[in-house]
Amino acid sequence: AVVSTQSTGDDYLIDAFLDSYDFVFFPVLNPDGYSYTWTDDRLWRKNRSPSNGSDCVGVDLNRNWDYEWGGEGTSSYPCAIDYKGPAPFSELETTAVKKWIEAHKQKVVLYLNFHAYGQLWMTPYGYSTAKPSNEEEMLKYSKIATDALASFRGTNYNFGPVYTTIYPASSISVDWVRGAENILIAYTIELPDKGFHGFITPETEIDPIGYETWLALRELLITLGVDKNLIRTEEMVIF
């Protein structure tokens, strides 16, 4: 959703970014659940894992990470949409991403986890009001990104910690990335809108959402690159 067919006029910046960062994309972290949305339930959230002792299917993959697992904002009930699973990293999908990040974390400088919807640019943590040691730094970059995003057509994003900006949510990927793996800059981003269309984004909105999100990422990468002296260091950015 963040790739736009609209010309950005930023080819020189894109070249500079590609010289400076390795970009790693995980476009669909829930392939079985995604496939199910095309055949049975358009708004299916969880994966399709069977549950022992229950006819209900699926684990919420963004409640299955091993950082404050099973806390506030998760459910032990297999039929719930936020079912945390029988154990942290019980699912193939979360385990696969875990293994990749653990193998490359020394070079990861930025982690972005895109969701819908709400127009929110959120920092850890979701499990409580605890604050990462560099929260002020992450909030600074949040403002830079959301200001750039709003410059295109006035789309307003709120920013702040997951716990207070949207709702309590434990065992989420951004908490694990920051809290367990010590990747210092990590965000959960909820794309538009704020509820009028909800999860069913009109096709006409795909390009403008992609372009304004690009503006946010452009300013974030420029500022991060200057602040951290990351030019041509082949650090990694995960989407």
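The values are calculated or read from the model by the stated rules, or taken from the named source; none is laboratory data. The model shown is predicted, which means the values in this text are computed figures rather than measured ones. Cβ coordinates were reconstructed from backbone atoms using ideal geometry, including for glycine residues, and neighbour counts include every protein chain displayed. In case anyone asks, the SASA skips ligands and DNA or RNA and just uses the protein heavy atoms, side chains included. Shrake-Rupley method; radii C 1.70, N 1.55, O 1.52, S 1.80 Å.
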Quick one: which residue in Tyr34, Tyr77, Tyr12, Tyr67 is crowded, with 17+ Cβ neighbours inside 10 Å and hydroxyl-bearing (Ser, Thr, Tyr)? Tyr67
Quick check on my filter: what residues within region 133-158 are hydrophobic (A, V, I, L, M, F, W, C) and open to solvent by 20 Å² or more (accessible area, probe 1.4 Å)? Leu139, Ile144, Ala150, Phe152
Give, as residue ranges, the strands (runs of 3 or more DSSP E) completely inside region 150-239 that count at least 2 residues that are in contact (Cβ under 8 Å) with a residue 12 or more places away in the chain and either farther than 30 Å from Lys99 by Cβ or of a type in the set (Lys, Arg) (or both). 158-161
Number of the condition not met by Ser20 [criteria: (1) open to solvent by 30 Å² or more (accessible area, probe 1.4 Å); (2) of a type in the set (S, T, N, Q); (3) in contact (Cβ under 8 Å) with a residue 40 or more places away in the chain]: (1)
Just for region 38-56: of the residues that are surrounded by 11 or more Cβ atoms within 10 Å (Cβ to Cβ) and under 25 Å from the mean Cα position of the chain (by Cα), which one is farthest from Ile200 (Cα to Cα)? Ser49
State whether one or more residues within region 114-134 are of a type in the set (D, E, K, R) and either part of a loop (DSSP other than H, G, I, E, B) or closer than 27 Å to Asp193 by Cα (or both). yes
